[in-house]
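Peer 1: Structure provided below as structure tokens; questions to follow.
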Amino acid sequence: MEYTEFKEAIADYLSGNLTEGAVQEFEQFLEENPQHQEEFEATKLFWNGFEEEVPAPTPAMDVKFYTMLNAQEKTTEKPSVFKWIESLLLGSFPKQLAYTLAILAVGLIVGNRIDFGGEEAQRTVAEANKETEKVRSQLVLTLLDQPSANQRLQAVNEVDKLNTVTETIIKALFSTLNNDDNVNVRLSAIEALKNYTDRPIVREGLVSSIIHQSSPLVQIELADLMVVLQEKKAVKPLKELIKEKDVNTNAKQKMEESIQSII
Amino acid sequence: MLQVKAGETHKLGLLYERYKKRLFGFFYKMNKDAGLSEDLVQNVFIKILKYKHTYTEDSKFIVWLFQIARNASYDSFKKSKKYMHRDIDEVGYSISGGDDVQGAIIEREDTIILKRAIALLPPEKKELIVLSKFKELKYREVGEIIGCTEGNARLKVHRALNDLKGIFLTLEKR
């Protein structure tokens, strides 16, 4: 490589536009001709002058984007006969919310206005509560099927408001944990399931979902949970996951520590 | 992107998460205004939805994305008229007259001069270097974004860097 070629190639080298061979040639020239090092460093200084500190965008940017996206999805949704029937039967989220509130209101009015006597009133309130729970459960299941991640997150949060959780909801949460595209939704599903770890089905489900996880965040969260639960059955799937090729180093380290803590 | 084009609008969220920081960084380096840069990121994604039918597999998504980003950046310059010719004295004043005087004193002198030189570099040249610094964007992609050949893009990046050196040396002599 001649000096003129070297001089021409400095910007190409800094911008990553040289081939592997040319990079080697360039670096070799620099090594053999240290008198040009200063010139290279000066150009590098100019190039790196653009690497200033960029502040992180605020969460408001995300909120604005997802609001825009949701609005866009609603306007582009094509009305079909099936959708129309479905909306008539199930209703959209605001409708379902309205139903829930209406049932609650009916329960309260019935409880306040009509004096059925102690036992009778209690039974009515219990029935109204039962009905509310049923609607809320239905709401959770419907929201979990929505394409919008925001709505699925909302579904998982709704689970916390339920007094009794049915097996169907537990299964839906596991399906979310194992199949949802969005990491935040999967993490929320773990948070929701944490409250029911006294049930064997939940503990077993959590153990068997370890191997399905590809996100390091979810892997770490599950590994932590297994330590809290001291779940010995989790050791085997954790070891299997560690052996996989693409596992993040930090997640791997965390899982190894968790295995030690469990044993 | 092809899925978004086919009507799966919600998939745009994945693209947003993947590119939002790079886009924000691009705008911020061009205009130094975080609020405006956030608005411009939003504008880019609105435009993606509006013009999704024009996207083809022929070019990389990132090239198409930065073509839109570049237009958004120029539109905002035009609208706000923020981009005006600034001479060396004006920039010198605006930097030395900033609030962070103490920080500026501590900073090495040539770094301050370099910052002033970058501020004086015309936006179309600054943009070339900012784009070339993205790992995914080689001269070929930069050329596609700004609408010229690969060789021409290389030449323009070289010239922009030389111009920056020239401005730096002028400032240093003063």
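The values are calculated or read from the model by the stated rules, or taken from the named source; none is laboratory data. This structure is a prediction, so every number in the text was calculated from the model and none was measured. Note: ideal-geometry Cβ built from the backbone for every residue, glycine included; neighbour counts use all protein chains shown.
Peer 1: Filter the range B:138-154 for residues that are more than 16 Å from the chain's Cα centre (by Cα) and more than 10 Å from chain A (Cβ to nearest Cβ) and give the result.
Peer 2: Correct list: B:Cys148, B:Thr149, B:Gly151, B:Asn152.
Peer 1: Can you pull out every residue in the range A:150-170 that is within 14 Å of chain B (Cβ to nearest Cβ) and either in contact (Cβ under 8 Å) with a residue 40 or more places away in the chain or more than 12 Å from A:Val185 (Cα to Cα) (or both)?
Peer 2: Within the range A:150-170, A:Asn150, A:Gln151 qualify.
Per-residue answers, yes or no, for (1) modelled with pLDDT of 85 or more; (2) within 14 Å of chain A (Cβ to nearest Cβ); (3) closer than 28 Å to A:Thr43 by Cα:
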{"site": "B:Ser37", "(1), (2), (3)": "yes, yes, no"}
{"site": "B:Ile68", "(1), (2), (3)": "yes, no, no"}
{"site": "B:His85", "(1), (2), (3)": "no, no, yes"}
{"site": "B:Gly97", "(1), (2), (3)": "no, no, no"}
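Peer 1: Just to check your reading of the model, which residue among A:Arg199, A:Arg152, A:Arg186 is at pLDDT 90 or above and in contact with a helix residue (DSSP H, G or I) (Cβ under 8 Å, 6 or more places away or on another chain)?
Peer 2: It is A:Arg186.
Peer 1: For residues that are aromatic (Phe, Trp, Tyr) and either in contact with a His (Cβ under 7 Å, 6 or more places away or on another chain) or at the interface with chain B (Cβ under 8 Å from one of its Cβ atoms) (or both), scanning just the range A:36-64, find the one that is surrounded by the fewest Cβ atoms within 10 Å (Cβ to Cβ).
Peer 2: So, considering only residues that are aromatic (Phe, Trp, Tyr) and either in contact with a His (Cβ under 7 Å, 6 or more places away or on another chain) or at the interface with chain B (Cβ under 8 Å from one of its Cβ atoms) (or both), the one surrounded by the fewest Cβ atoms within 10 Å (Cβ to Cβ) is A:Phe50.
Peer 1: Could you list, in sequence order, all residues of the range B:126-151 that are in contact (Cβ under 8 Å) with a residue 60 or more places away in the chain and over 17 Å from B:Lys60 (Cβ atoms)?
Peer 2: B:Lys126, B:Glu127, B:Val130
Peer 1: Considering only the range B:22-36, I want to know if a residue exists there that is over 16 Å from the mean Cα position of the chain (by Cα), of a type in the set (A, V, I, L, M), in a helix (DSSP H, G or I) and surrounded by fewer than 19 Cβ atoms within 10 Å (Cβ to Cβ).
Peer 2: Looking through the range B:22-36, none of the residues is over 16 Å from the mean Cα position of the chain (by Cα), of a type in the set (A, V, I, L, M), in a helix (DSSP H, G or I) and surrounded by fewer than 19 Cβ atoms within 10 Å (Cβ to Cβ).
Peer 1: Can you pull out every residue in the range B:1-35 that is within 13 Å of A:Lys64 (Cα to Cα) and within 8 Å of another protein chain (Cβ to nearest Cβ)?
Peer 2: Of everything in the range B:1-35, those that are within 13 Å of A:Lys64 (Cα to Cα) and within 8 Å of another protein chain (Cβ to nearest Cβ) turn out to be B:Gly13, B:Tyr16, B:Lys20.
Peer 1: Could you pull out the residue among A:Glu167, A:Glu133, A:Glu158, A:Glu127 that is of a type in the set (Asp, Glu), over 18 Å from the mean Cα position of the chain (by Cα) and surrounded by 15 or more Cβ atoms within 10 Å (Cβ to Cβ)?
Peer 2: Checking each option against the conditions leaves just A:Glu133.
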